[in-house]
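Below is one structure, written out as structure tokens; the observations come after it.
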Amino acid sequence: MRVRLLQGLCLLLLATLPWLPGVPAFWITQMNYIGLYSLVVLGLVLLTGVGGMTSFGQSAFVGLGAYTTAWLTTAAQLSPWLGLLAGLLLTCLVAYGLGVITLRLSGHYLPLCTLAWCLALYYLYGNLDFLGRYDGIAGIPPITLGPWSLGASESMYLLIWLVLLLALWATRNLLDSRAGRAIRALRSGSMAESFGVDLAHYKVVVFVYAALLGGVSGWLYAHMQRAVSPSPFGLGYGIEYLFMAVVGGSGSVWGAVAGAATVLIVKDQLQNVLPTLVGSGVNLELLAFGVLMILVLQYARDGVWPLIARAGGWLGLRARPAAAQAPWYAQAAELPRRPLPAVGERVLDVDRARKEFGGLVAVNDISFQLCAGEIMGLIGPNGAGKSTTFNLISGVLPLSAGQVRFMGERIDGRSAHDIARRGLVRSFQHVQLLPDMSVLDNVALGAHLRSRAGVAAAALRLDRASEAALLREAARQIERVGLADVMEQPAGSLPLGRQRVVEIARALCGDPILLLLDEPAAGLRYQEKQALAAVLDQLRREGMSLLLVEHDMDFVMNLTDHLLVMDFGTQLAEGVPADIQANPAVLEAYLGGLDDDWEVPVAAPTGAPGAAIAPVAATPVVPGVATRLGEGS
Ligand code: ADP
Ligand code: MG
């Protein structure tokens, strides 16, 4: 209630600021600049802060928006609104082109590249005759809205802040959606590809979105200044925008406003205050500004917005979550499920799969088949090539030779997101969650392919029905694996064992036909392992197929129908658990590695599947306690 009241008051203040008595005209100009800068910085919060792509070149897009409208409204005498449309179209085209070419670059190459095209566009603006070269274009008309002209500073103020608030609203909506989860996963490398997220696509989308915000800012700037010249679109400003994003903080869209306001106000105050302190002869502004900013970054590493938010929290201005209420998505429709193949039908067929890393043959002509409704185990010591086999099947790594068929179709050579789309979903040996995102959102990422809600729908909040269905499905899978109590917590705050279980829930959200689990039970307590085994058993009974790598022999022997043993990349044995336990070659390999991390399961001579395995090690083992065959590599 208090929060709503305060928000209302802030809005009222913002809307009436220019007409309040005693407000200097200079403030309004300053607010206009803060608004214009914030728009560009908002794009950077999304692009760099959330998506992890550093750009020094946003000022070039501001220039595109500004110059397009400047030329169209002067030379061609068109309406500023057409100028906006054309500017956005041109920005979109240029950004798309640049994005497709440069966003493949990784590491430092992308930021370097943004420097390059920022400079290139700057010199282009400065050298084209029809853009007035370095003198630019003057005499730009004001924006008109029906009979009203928005030439006055106050009316531009209203327009700029209206546009900014809309952009903040849309960006927040975007981050809180299916597309938003995909964008937040951009930093995590290839993980999200395994859930059908087309990372290259989302990179370009974010890049174009950020560029469009720059373009809008440029349009507003041109009609506010009524003149443009190349200098505000140069590299210096590109760096300043990025700097504002860092100072403001990228954890929230409000960081953009906080960053723009902080930098502009501090700069301005330094210009006022310093000359009175040290005299006007010495120009210490830049130095003092630099020192201040180093201090800000030293003491507020995540930017100033988190500090402001925390102060708000101390003052009791935090929106409290409604207690014990059903979540908003509880009533959503259930997502359609894909039909599972009949039990016994062949699901996976791996035919002489091979992977070489330089001279090392990590997977050496492995062949096996897996049928619907079956749990198959892949076991072997560290470095045997199990995880690599998973990577080959799920499309994370290309095969050196051999074939993989899934549901009768070849999938080797296909992309990870294409394979995920077909119903082959996996978890990772090294947990790959987005630690700052809630468990619910992490799991919902797994259902990415089960909705088609796009970026525009998300930004305009038209995706709620489909978003609710995704979240409901995620919540269902979280409950299924027994993590309902931590649904809203950041995934990174859970112990590692439970993070693995989050990964399983995320994989289940993809509605798999075949589920690949890489060491799902590692790090779990005994009861947790039993609960997990019960869940996996239930999945099998529902007709899902599972392939798991696991070191816990009790777990594997009790659960699987069928085992494949690998050692040094080769296939050592294959069969039902009882035969594997009695297989001399397996025993030999296991015994051979006894000195390091192989604790050895010795077969009971007539061991039925699921019989507890007595370890060779002299230490007595409490029956039922897992015998570990070594930590995961
Ligand atoms: P496992 O999962 O059975 O413990 P891995 O499949 O992770 O084994 O590794 C098999 C072998 O391949 C190891 O010797 C490992 O060092 C090597 N290997 C795995 N991934 C790579 C890679 N990306 N580049 C080079 N070597 C790799
Ligand atoms: Mg492994």
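When you look at GLN538, is it without any contact (Cβ under 8 Å) to a residue 40 or more places away in the chain and either touching a helix residue (DSSP H, G or I) at 6+ places or on another chain (Cβ under 8 Å) or surrounded by fewer than 18 Cβ atoms within 10 Å (Cβ to Cβ) (or both), yes or no? Walk me through how you get there before you give the answer.
Working: without any contact (Cβ under 8 Å) to a residue 40 or more places away in the chain: yes; either touching a helix residue (DSSP H, G or I) at 6+ places or on another chain (Cβ under 8 Å) or surrounded by fewer than 18 Cβ atoms within 10 Å (Cβ to Cβ) (or both): yes.
Here the answer is yes, as GLN538 does meet what is asked.
Please return the ranges of helices (runs of 4 or more DSSP H) entirely within segment 187-286 where 2 or more residues are free of Cβ contacts under 8 Å to residues at least 60 places away in the same chain and among the polar types (S, T, N, Q). Don't jump to the end; show me each part of the working.
Values: elements: 199-225, 235-248, 254-278.
Where helices (runs of 4 or more DSSP H) fall fully within segment 187-286 and carry at least 2 residues being free of Cβ contacts under 8 Å to residues at least 60 places away in the same chain and among the polar types (S, T, N, Q), they are 254-278.
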>> I'd like to check something: does segment 371-393 contain any residue that is without any contact (Cβ under 8 Å) to a residue 12 or more places away in the chain and either away from ligand 2 (no atom under 16 Å from the Cβ) or basic (Lys, Arg) (or both)?
In response: no
>> I'd like the residue in segment 559-569 that is more than 16 Å from ligand 2 (Cβ to nearest atom) and surrounded by fewer than 22 Cβ atoms within 10 Å (Cβ to Cβ) and, out of all such residues, is nearest to VAL350 (Cα to Cα).
In response: HIS562
>> Just the residues that are within 8 Å of ligand 1 (Cβ to nearest atom), of a type in the set (S, T, N, Q) and over 30 Å from the mean Cα position of the chain (by Cα), please, taken from segment 382-408.
In response: ASN382
>> For the condition basic (Lys, Arg) and surrounded by fewer than 21 Cβ atoms within 10 Å (Cβ to Cβ), what is the one hit in ARG133, ARG184, ARG178?
In response: ARG133
>> Quick test of your reading of the structure: LEU440 fulfils all but one of (1) assigned to a helix (DSSP H, G or I); (2) more than 20 Å from the chain's Cα centre (by Cα). Name the failing condition by number.
In response: (2)
>> Looking only at residues that are hydroxyl-bearing (Ser, Thr, Tyr) and surrounded by fewer than 13 Cβ atoms within 10 Å (Cβ to Cβ) in segment 82-122, which one is farthest from the chain's Cα centre (by Cα)?
In response: TYR109
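Would you mind stating whether ILE411 is over 18 Å from ARG181 (Cβ atoms), buried (at least 19 other Cβ atoms within 10 Å of the Cβ), of a type outside the set (D, E, K, R) and outside the structural domain of SER188 (by TED's automatic domain parsing)? I'd like the intermediate steps shown before the answer.
Details: over 18 Å from ARG181 (Cβ atoms): yes; buried (at least 19 other Cβ atoms within 10 Å of the Cβ): yes; of a type outside the set (D, E, K, R): yes; outside the structural domain of SER188 (by TED's automatic domain parsing): yes.
So ILE411 fits the description; yes.
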> Residues of segment 113-127 being touching a Phe, Trp or Tyr at 6+ places or on another chain (Cβ under 9 Å) and either more than 15 Å from GLY234 (Cβ to Cβ) or of a type in the set (A, V, I, L, M, F, W, C) (or both), which ones?
Replying inline: LEU115, CYS118, LEU121
> Before we move on, is LEU517 in a strand (DSSP E or B), within 16 Å of ligand 2 (Cβ to nearest atom) and either crowded, with 24+ Cβ neighbours inside 10 Å or outside the structural domain of PHE195 (by TED's automatic domain parsing) (or both)?
Replying inline: yes
>> Of the residues VAL556, VAL502, VAL481, only one is within 16 Å of ligand 2 (Cβ to nearest atom) and surrounded by 18 or more Cβ atoms within 10 Å (Cβ to Cβ); which?
In response: VAL556
>> Looking at LEU93, LEU119, LEU124, LEU162, can you tell me which residue is in a helix (DSSP H, G or I), in contact (Cβ under 8 Å) with a residue 60 or more places away in the chain and not charged (D, E, K, R)?
In response: LEU119
> Is there a residue in segment 15-33 that is buried (at least 22 other Cβ atoms within 10 Å of the Cβ), touching a residue at least 24 places away in the same chain (Cβ under 8 Å), among the aromatic types (Phe, Trp, Tyr) and not in a loop (DSSP other than H, G, I, E, B)?
Replying inline: no
> Looking at (1) surrounded by fewer than 22 Cβ atoms within 10 Å (Cβ to Cβ); (2) away from ligand 1 (no atom under 16 Å from the Cβ), which is the only condition LEU433 fails?
Replying inline: (1)
>> What's the number of the only condition in (1) exposed (fewer than 14 other Cβ atoms within 10 Å of the Cβ); (2) out of contact with any strand residue (DSSP E or B) (no Cβ under 8 Å at 6 or more places or on another chain) that GLY344 fails to meet?
In response: (2)
> Has segment 343-352 got at least one residue that is within 16 Å of ligand 2 (Cβ to nearest atom), of a type outside the set (D, E, K, R) and at pLDDT 90 or above?
Replying inline: no
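Among the residues in segment 370-377, are any part of a strand (DSSP E or B), within 13 Å of ligand 1 (Cβ to nearest atom) and over 20 Å from GLY446 (Cβ atoms)? Talk me through it step by step, then tell me what you get.
Of the residues in segment 370-377, the ones part of a strand (DSSP E or B) are 370-371, 375-377.
Now narrow it down to the ones that are within 13 Å of ligand 1 (Cβ to nearest atom): 377.
Those still in the list that are over 20 Å from GLY446 (Cβ atoms) too: 377.
Yes, segment 370-377 has at least one match.
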> Could you give every pair whose Cβ atoms fall below 8 Å, whose first residue belongs to segment 430-444 and is over 23 Å from ARG472 (Cβ atoms) and outside the structural domain of SER387 (by TED's automatic domain parsing), and whose second residue is of a type in the set (Asp, Glu) and at pLDDT 90 or above, counting only separations of at least 6 or pairs across chains?
Replying inline: VAL431/GLU503; GLN432/GLU503
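For the condition outside the structural domain of ASP365 (by TED's automatic domain parsing) and at pLDDT 90 or above, what is the one hit in ALA459, ALA533? Show your work before the answer.
Working: ALA533 fails: outside the structural domain of ASP365 (by TED's automatic domain parsing).
The match here is ALA459.
So is VAL396 touching a residue at least 60 places away in the same chain (Cβ under 8 Å), more than 13 Å from ligand 2 (Cβ to nearest atom), out of contact with any strand residue (DSSP E or B) (no Cβ under 6 Å at 6 or more places or on another chain) and not charged (D, E, K, R) or not? Working first, answer last.
Details: touching a residue at least 60 places away in the same chain (Cβ under 8 Å): yes; more than 13 Å from ligand 2 (Cβ to nearest atom): no; out of contact with any strand residue (DSSP E or B) (no Cβ under 6 Å at 6 or more places or on another chain): yes; not charged (D, E, K, R): yes.
Spelling it out, it is not the case that VAL396 is touching a residue at least 60 places away in the same chain (Cβ under 8 Å), more than 13 Å from ligand 2 (Cβ to nearest atom), out of contact with any strand residue (DSSP E or B) (no Cβ under 6 Å at 6 or more places or on another chain) and not charged (D, E, K, R).
The values are calculated or read from the model by the stated rules, or taken from the named source; none is laboratory data. The structure displayed is predicted, hence computed values, not measured ones. Because the Cβ atoms are built from the backbone with ideal geometry, glycine has one as well, and the counts that use them run over all protein chains shown.
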